[in-house]
Each structure stands twice: as C-alpha cells, then as structure tokens.
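The values are calculated or read from the model by the stated rules, or taken from the named source; none is laboratory data. Note that the structure is a prediction, hence the values are computed from the model and not measured. Here the Cβ is made from the backbone with ideal geometry for all residues, glycine too, and neighbour counts use every protein chain on show.
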Amino acid sequence: MLLSRHPFAERSGRATILRQRIDQARRHFEPRLVVFGAPAGDKSDEGMTFLPLANPLSIALNAVRLHDRPLQTWLFYAKSAREEVARMREACAAEAVFVDMLRLAPLTYGMPREIALIIDYDDLLSQRYAQAARKDYEVMGFLSRRVGPLANVARTFARPILLNESKRCAAYEAAWLERADLALFTSPLEAASIGRSNPNTMPAPPLAPVAHASDGTPGDRLIFLGNMHYAENVLMLRALHAALAGFSEAMRTAAVIDVIGDCPPELRHELEGANFRFLGRVDDLSTLDGAGVFLAPVVGGSGVKLKVLDGLALGCPVVTTEKGCEGLAVRRNRDLLVARDPAGVLAAALALRGRDALKHALARNGRAYAERWHGPRLGAAIADAMAAAVKRRQETL
C-alpha cells in the first residue's frame, strides 16, 4: 500500500480514511505499508517503510519527464523511489498495489501485468481545481490573511494555474481509470456517476461508527467538531465568530459554541470568550451521542466532510451549508438542515431549541443515512471488492 501521509500519526480526515483502508485490506491480504514522508519517531511508525519525497533535482527532472502530469506528482516521483517500490513488491510477492490518491500512481510504472492496481482517487482533483478557480471562491483560503495586500496578486496568478491544472488532472484521471482494476471514490455520488461508464469503480466513503440508537431527544448544545490545526476548520470557526456580530444581543447570549478538537493556543486566545468554549480533543466520540446540534458551516474545500458524518452518526441534528452536503446522498432538510451561509447555520441551530420533535426527526433520519451509506458493513464490501479485483487480474493472464 503506497500512502501519501502517515496514517497513524496524523489527525486528519484523510488519515482516518487511510486507517480504514488498511483495516479493509487486512481482511484478505497482509499489506505492507509504504509511507512517503518522514516518520513520526514513535511507536506509530512500527510496521511501516518510509520513503522520502522527491528532492529538488528530481522535481526539476519531473518538470520535463512528467510535464503532462499534475503538479502534485512532481513532488512524489523519483526513479529511485519507483525502483524501491518495485523491489519491495517483488520481495514480498505482492499480488496488488494500492495507491493512495493519483499523486503516487507514477510510482507503479513498469509493474508486471499480473499485478492488480487499486487506486483510491479520494475525489476528482480536476473538479476541485475548477471550483477553486471560480471568481466567487477564495482561492487563497486562510493564506489571504497572512499575505495581506499581496493576496490579490496571488489570486491573479493562482486562478489560471488552477484552471490549467484542472485540465491536466481530467486527462490524467481518465487515463488511470482505464488502467485501474479497482477505483475507489470517497463520494457515493461521484462513484455512481463514473460507474455508469466504468464498472471497476465503487463508492468507498469514510465510515462513521453509528452510535446505538436512542429514543431520547438530542440536547441543545451547539457543537463544532474538528482539528483546529487545519485551515478549513479555522475558516469555519472564524466565520461563525464574524456572524455573531450581526445577531441580536439575546441571540449572541444564547450562542455558546463548544469547540471540540485539537486547537493551537493562539487561536484559542483569539476567540475564546463568551461565545466559544474550547474543550480539547475527545478520544471517544460516542460520549457526544445525542449531545446537541452539530454546526458545519462549510465555506470552502471539496469532498465529503467528516464532521457532517460524525454528527449524523452520533444521532445529533446537523446544520450545514450546500458545500457541506457535497458528495453526500443526503436529503436536504430531512436528514440535516441546510443554510445559505455560516450566519444562517448558527441561526438555524439556535432556532432548533425547544423544537424537540424536529430535533428528534433530524437525528433519526441522519443516523439512518449514516448507517446506510457509511456504516461498518460497507467496509466488508470494499474489502471484498479489493479481493475481487486481484482475482480478475489473475484470471486475465
């Protein structure tokens, strides 16, 4: 399994999905884990091989030999790394190679025909970059605050680069779909769309442990869940903070948000006060079962948002934006509530207080959605699809 990040040291949504992929692979295989990047230097490194990212010379060469490939591939590909992957594959007589996102796919060049190729696309970068290039999208994200007056200049250069990268990614994605024995997509909707023309695709969304169904009414707490070391979560929290300025005094007094997750001290110092309580990381999310209303004021990024799934799986009403529903097969305003912007998210969450029947219905429907589309049994189906891909490849020889 070729992995583009450390799955056991990093606390991110993608690392969570990688841990699930590893568990799925272990149902039928004895996977060897190869991570591109630095080890953590602790017990989480055990059982993994670490290979470095491309050095400056390799990146310069990649600009020539991978000139028609997405820029991300330039950071990971090196001839020495490809040869080491081939050596390890031969040494352990691997029947398949799992590729975490297309940035690592060039490292499989030259593999024998009998080796099955399983690619976890995550989502389509071509579409993500096209979205980011839109005029109404803050392409700089949280960096716009750091670069100040240079942000407009950066946007001017970033948008044409992203549009060009979107076109390169689209061709690259299509080419690897033809080569892959199995292509996994985080979004069920994206998988269904591509699956109409390519049968070797399947949805592999993040799994959300569904809490035991409760007949109780969800609480009135306002909960924001996320690792605050990640830019998207910081943007969302600041958007909620900005929204409070337009609320009445009574609504501001009622809007006390519990922020759950790792948080840097400077952000805590910036926002902690009457409206935000920073409670730190919770190791067992089941303690939040039915605890309150989950806020997901998603304003950027793309793909399935784990904070939305966590809230649904925990039997909590979720209030989000259209962006927060991206990639999900949810029914708007039945499985969760959808607002136009972060201010609308916060206002809708406050309006749920005292409406026990509505909260109960949202919690019930949301939990049912999570169990159907993101429940544990889907992990077995993904594992079986991996095994079937290897069998198909062997039968074609």
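Within the stretch 84-102, is there a residue that is in contact with a helix residue (DSSP H, G or I) (Cβ under 9 Å, 6 or more places away or on another chain), assigned to a helix (DSSP H, G or I) and modelled with pLDDT under 95?
Yes, the stretch 84-102 contains at least one residue that is in contact with a helix residue (DSSP H, G or I) (Cβ under 9 Å, 6 or more places away or on another chain), assigned to a helix (DSSP H, G or I) and modelled with pLDDT under 95.
Need pairs with beta-carbon distance below 8 Å; first residue under 15 Å from Arg113 (Cα atoms) and within the stretch 174-192, second surrounded by fewer than 16 Cβ atoms within 10 Å (Cβ to Cβ) and charged (D, E, K, R); sequence gap 6+ or separate chains.
Cβ pairs passing all conditions: Asp181/Arg392.
What number of residues within the stretch 40-60 satisfy the criterion of being surrounded by 13 or more Cβ atoms within 10 Å (Cβ to Cβ) and closer than 20 Å to Asn164 by Cα? Can you show your working first?
Going residue by residue through the stretch 40-60, those that are surrounded by 13 or more Cβ atoms within 10 Å (Cβ to Cβ) are 40, 44-45, 48-54, 58-59.
Next cut, closer than 20 Å to Asn164 by Cα only: 59.
Residues in the stretch 40-60 being surrounded by 13 or more Cβ atoms within 10 Å (Cβ to Cβ) and closer than 20 Å to Asn164 by Cα: 1 in total.
Each row is one residue, and each column tells you yes or no for (1) farther than 22 Å from Thr108 by Cβ; (2) small (Gly, Ala, Ser); (3) touching a residue at least 24 places away in the same chain (Cβ under 8 Å).
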position: Leu2; (1), (2), (3): no, no, yes
position: Gly13; (1), (2), (3): yes, yes, yes
position: Arg21; (1), (2), (3): no, no, yes
position: Asp42; (1), (2), (3): yes, no, yes
position: Asp45; (1), (2), (3): yes, no, yes
position: Gln72; (1), (2), (3): no, no, yes
position: Phe76; (1), (2), (3): no, no, yes
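Specify which of the listed residues (Ala208, Ala245, Ala291) is more than 26 Å from the chain's Cα centre (by Cα) and hydrophobic (A, V, I, L, M, F, W, C). If you could, list the steps in order and put the result at the bottom.
Details: Ala208 fails: more than 26 Å from the chain's Cα centre (by Cα); Ala291 fails: more than 26 Å from the chain's Cα centre (by Cα).
Among Ala208, Ala245, Ala291, only Ala245 is more than 26 Å from the chain's Cα centre (by Cα) and hydrophobic (A, V, I, L, M, F, W, C).
Is the stretch 249-262 home to any residue that is in contact with a Cys (Cβ under 7 Å, 6 or more places away or on another chain) and touching a residue at least 40 places away in the same chain (Cβ under 8 Å)?
To start, the set of residues in the stretch 249-262 that are in contact with a Cys (Cβ under 7 Å, 6 or more places away or on another chain) comprises none.
Taking every residue of the stretch 249-262 in turn, none turns out to be in contact with a Cys (Cβ under 7 Å, 6 or more places away or on another chain) and touching a residue at least 40 places away in the same chain (Cβ under 8 Å).
Mind listing just one residue for me: the one in the stretch 340-353 that is in contact (Cβ under 8 Å) with a residue 40 or more places away in the chain and surrounded by fewer than 16 Cβ atoms within 10 Å (Cβ to Cβ) and, of those, nearest to the chain's Cα centre (by Cα)? Step through it out loud before you land on a result.
Step one: filter the stretch 340-353 for residues in contact (Cβ under 8 Å) with a residue 40 or more places away in the chain, giving 341-343, 345-347, 349-350, 352-353.
Pick out the ones that are also surrounded by fewer than 16 Cβ atoms within 10 Å (Cβ to Cβ) and you get 341, 353.
Details: Asp341: 21, Arg353: 30 Å.
Restricting to residues being in contact (Cβ under 8 Å) with a residue 40 or more places away in the chain and surrounded by fewer than 16 Cβ atoms within 10 Å (Cβ to Cβ), the top hit is Asp341.
Name the residues in the stretch 263-288 that are in a loop (DSSP other than H, G, I, E, B) and touching a Lys or Arg at 6+ places or on another chain (Cβ under 9 Å), would you?
Here is the first cut: in the stretch 263-288, the residues in a loop (DSSP other than H, G, I, E, B) are 263-264, 272-275, 281-284.
The answer is Cys263, Ala274, Asn275, Arg281.
In this structure, does Ala361 turn out to be over 19 Å from the mean Cα position of the chain (by Cα), assigned by TED's automatic domain parsing to the domain that holds Tyr230 and surrounded by 19 or more Cβ atoms within 10 Å (Cβ to Cβ)?
Working: over 19 Å from the mean Cα position of the chain (by Cα): yes; assigned by TED's automatic domain parsing to the domain that holds Tyr230: yes; surrounded by 19 or more Cβ atoms within 10 Å (Cβ to Cβ): no.
The answer is no for Ala361.
Kindly provide the set of residues from the stretch 230-262 that are at pLDDT below 90 and either assigned to a loop (DSSP other than H, G, I, E, B) or closer than 15 Å to Leu350 by Cα (or both), ordered by number.
Of everything in the stretch 230-262, just one residue is at pLDDT below 90 and either assigned to a loop (DSSP other than H, G, I, E, B) or closer than 15 Å to Leu350 by Cα (or both), namely Tyr230.
Has the stretch 250-260 got any residue that is farther than 21 Å from Leu328 by Cα, surrounded by fewer than 14 Cβ atoms within 10 Å (Cβ to Cβ) and small (Gly, Ala, Ser)?
Taking every residue of the stretch 250-260 in turn, at least one turns out to be farther than 21 Å from Leu328 by Cα, surrounded by fewer than 14 Cβ atoms within 10 Å (Cβ to Cβ) and small (Gly, Ala, Ser).
Which numbered condition in (1) at pLDDT 65 or above; (2) in contact with an Asp or Glu (Cβ under 9 Å, 6 or more places away or on another chain); (3) in a helix (DSSP H, G or I) is the only one that Tyr121 fails?
The failed condition is (3).
Please work out which residue is nearest to Tyr172 (Cα to Cα), limiting yourself to the stretch 61-78 and to residues that are loosely packed, with under 14 Cβ neighbours inside 10 Å and either of a type in the set (D, E, K, R) or under 23 Å from the mean Cα position of the chain (by Cα) (or both). Give the derivation first.
Quick first cut of the stretch 61-78, residues loosely packed, with under 14 Cβ neighbours inside 10 Å only: 63-65, 67-68.
So of that shortlist, the ones also either of a type in the set (D, E, K, R) or under 23 Å from the mean Cα position of the chain (by Cα) (or both) come out as 65, 68.
On the way: Arg65: 15, Asp68: 8 Å.
By that ranking, first place goes to Asp68.
Applying the selection to the stretch 298-334, what residues are in contact (Cβ under 8 Å) with a residue 40 or more places away in the chain, outside any helix (DSSP H, G or I) and hydrophobic (A, V, I, L, M, F, W, C)?
Start the filter on the stretch 298-334 by keeping residues that are in contact (Cβ under 8 Å) with a residue 40 or more places away in the chain, which leaves 298-307, 309-318, 326-329.
Cutting the leftovers down to outside any helix (DSSP H, G or I) gives us 298-305, 314-318, 326-329.
Hits for the stretch 298-334 are Val298, Val299, Val304, Leu314, Cys316, Val318, Leu328, Ala329.
Consider Ala329 carefully, then state whether it is over 22 Å from Asp220 (Cβ atoms) and either surrounded by fewer than 22 Cβ atoms within 10 Å (Cβ to Cβ) or aliphatic (A, V, I, L, M) (or both).
Values: over 22 Å from Asp220 (Cβ atoms): yes; either surrounded by fewer than 22 Cβ atoms within 10 Å (Cβ to Cβ) or aliphatic (A, V, I, L, M) (or both): yes.
When the stated conditions are applied, Ala329 passes them.
Identify, please: which residue in the stretch 322-339 is within 21 Å of the chain's Cα centre (by Cα) and of a type in the set (Gly, Ala, Ser) and is, among those, farthest from Ala242 (Cα to Cα)?
Here the residue is Ala329.
Do we have Thr201 as closer than 20 Å to Pro7 by Cα and touching a strand residue (DSSP E or B) at 6+ places or on another chain (Cβ under 8 Å) here?
no
Out of Ala38, Ala54, I need the residue that is under 26 Å from Asn233 (Cα atoms), touching a Phe, Trp or Tyr at 6+ places or on another chain (Cβ under 9 Å) and in a loop (DSSP other than H, G, I, E, B). Which one? Even if it seems obvious, please write down each step before you answer.
Values: Ala54 fails: under 26 Å from Asn233 (Cα atoms).
When all the criteria are applied, what remains is Ala38.
Go over the candidates Val304, Val308, Val299, Val319 one by one and state the one that is under 21 Å from the mean Cα position of the chain (by Cα), closer than 17 Å to Leu346 by Cα, of a type in the set (Val, Ile, Thr) and at pLDDT below 90.
Val299
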